[in-house]
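Undergrad: This is the structure I have questions about; it appears just below.
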Amino acid sequence: MADPTRIRIPERLFAPAEFEHFEGTCELPVLKAGPDLYSFAEPLRWAVDVTNTGDAFLVSGTVEGQAATACGRCLNDAVFDLLGEVEGYFVIGEGEAPEDMDDDEFDVLPGDRTIDLVPLIQAALLLELPVLPLCRDDCKGLCPSCGKDLNEGPCACAPAAQDGFEEARNPFAKLADLDLG
């Protein structure tokens, strides 16, 4: 069975200005973004156009799906709908990339004329992921003293402990009273 994320460039696309549309699904088990691991319950849907620019193939399109990870504050599930822009540039044969492109902005079309979309899909998704994944915008996180989920209500700790500036444990607590105005 053919891999749905590998596009074999048909002979007709080797004529300048030709293009073709491709689409399919991609199963990514996990995507690592910094300290966060994102999982995908459903296959990602992708659609791309491959265009012959004369000296290279331009791959452009979209990938969409739903990613899940742990909330950065309370560790509950955080789910995100993603829509990323897929883009790749593959130089044909011994051709040269445009002068305005760095070496990491293009690839050379492999000898088997097959483009693997997985790296392009992963790059597109990484650009769409949040820096700090939150289950909701107003997530209150966990109490730093007892670990209770503050989204479920207050804990029995002293208010200073809930704010994270308990003087006995935090050497930076004195900075909270610093007048910077």
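A short reminder: the numbers here are calculations on the coordinates, not readings from a lab. It should be emphasised that the depicted structure is a prediction, and the values quoted were computed from it without experimental measurement. In this analysis, Cβ positions are derived from the backbone assuming ideal geometry, glycine residues included, and neighbour counts consider all displayed protein chains.
Undergrad: Extending each Cα 7 Å along its Cβ direction at Arg45 and Asp138, get the distance between those two points in nm, one decimal.
TA: With each label point 7 Å from Cα toward Cβ, the separation is 3.3 nm.
Undergrad: Additional query: Calculate the FRET efficiency for Glu152 and Glu64 from the Cβ-Cβ distance with a Förster distance of 35 Å, rounded to the nearest 0.05.
TA: Numbers: r = 33 Å, r/R0 = 0.93.
For R0 = 35 Å, the calculated efficiency reads 0.60.
Undergrad: Further question: Which distance in nm do the two modelled labels at Thr114 and Glu20 give, with both placed 7 Å along the Cα-to-Cβ direction?
TA: It works out to 1.5 nm between the two label points.
Undergrad: Taking θ as phi - 60°, what are the ³J(HN,Hα) couplings along segment 129-135 by the Karplus curve (6.51, -1.76, 1.60), each to the nearest whole Hz, with x for Gly and Pro?
TA: Rounded to whole hertz, the list is 6, x, 5, 10, x, 10, 5.
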